[in-house]
Amino acid sequence: MSRRPGNPARRFGESGSIPFAGSLHQKSRSSPFLSVGLVVVGSLLLIGYSYSGSGIPVFINFLFISLDSCGLSCTLEAQTAIPILKKAYGDSMRKVLHVGPDTCSVVSKLFKEEDVEAWGVEPYEIEDADANCRSLMRKGIVRVNDIKFPLPYREKSFNLVIVSDALDYLSPKYLNRTLPDLARVSSDGLVIFAGYPGQQRAKVAELSRFGKPAKLRSASWWIRYFVQTGLEENEAAIKKFEQAASKRSYKPSCQIFHLSAYH
Ligand SMILES: *[C@@H]1O[C@H](CO)[C@@H](O)[C@H](O)[C@H]1NC(C)=O
């Protein structure tokens, strides 16, 4: 065949681009901001694609960019901290809920501790669940649940709720609903792993003006926020955790907050 049938993508591009380019041209004189805006949006899309190794749609991928850049650091940190949490919380680690990305790994790690039962909430769709993770989901141990909405558990269903890499993505408006809901399902306390401000790469920090990467907040911001929300830091747990951590020379690379449950 000497003549190829029209490539649909190309045809679409041609018919689609002519009126679009026309209107851009007409407006570009009166409003140079429009074209600047389009260039910015275009580059954001390119950046989004270059970060996406797995074909996740760009806009969802924005949520993952900063997770990638610190390698899910706080969820890994939560896994590393499990033995120390066990020392600090003892019997209050009987029933644990982990909330955060890669929750299957955290839940599996929790199961390895003696006398610990664990459940997990994954705030985003699980892209490539392995057999272990699929089995945890089938059994209802791990669920996918947008944490902007109430968790599907009754009050005080768990002794301890551990959250990692999840609250950093919520604006105060949603935090106001999510944080009390996390406290609602716990009877003994809440442990929050949050990134330190400045952990993100500069490039990602720039994106925060446009996309939705994490808003990494300082310890004083969080503590002020907890007070506003009526949650108290659990001083006894903080002390025990620090003791257990120093015994094992454990230095977390994330901020860790210990909160008391509602009375
Ligand atoms: C969140 O809740 C606090 C305390 O109730 C309130 O002061 C603040 O205005 C709320 N923020 C938003 C964005 O709703």
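How much net charge surrounds F241 when only other residues with a Cβ under 12 Å from its Cβ are counted (Lys, Arg +1; Asp, Glu -1)? If you can, show how the numbers build up before the last one.
Numbers: positive: K86, K87, K239, K240, K247, R248; negative: E233, E235, E242.
So the surrounding residues net to +3.
Which order results if S246, S157 are arranged by neighbouring Cβ count within 10 Å, fewest first?
The order, fewest Cβ neighbours first, is S246, S157.
Considering region 73-261, what Rg and Dmax in Å follow from its alpha-carbon atoms?
Both quantities, over Cα of region 73-261: 15.8, 45 Å.
Out of residues 5 or more away from R143 or on other chains, whose amide H comes under 5 Å of its own, with H placed 1.01 Å from N in the peptide plane?
Long-range HN contacts for R143: G120, V121, E122.
Can you tell me which lysines have their Cα less than 19 Å from the Cα of K173? Leave out same-chain residues fewer than eight positions away.
Here the lysines satisfying the reach criterion relative to K173 are K148, K212, K215.
Using the count of nearby Cβ atoms within 10 Å as a rough guide to exposure, how do C133, C74 rank from fewest to most?
C133, C74
Sorted from fewest to most neighbouring beta carbons within 10 Å, what does the list K112, K156, K251 look like?
Ordered from fewest to most neighbouring Cβ atoms within 10 Å, K112, K156, K251 come out as K251, K112, K156.
Sort 115-127, 142-154, 95-107, 161-173 by the packing proxy (mean of other Cβ within 10 Å over each peptide's residues), most packed first.
Per-residue Cβ counts within 10 Å, averaged per peptide and sorted highest first, yield 95-107, 161-173, 115-127, 142-154.
Values quoted throughout were computed directly from the atomic coordinates according to the rules given, and no laboratory measurement underlies them. In this text, all values refer to a predicted model and were calculated from it rather than measured experimentally. Every residue, glycine among them, receives a Cβ derived from its backbone with ideal geometry; neighbour counts consider all protein chains shown.
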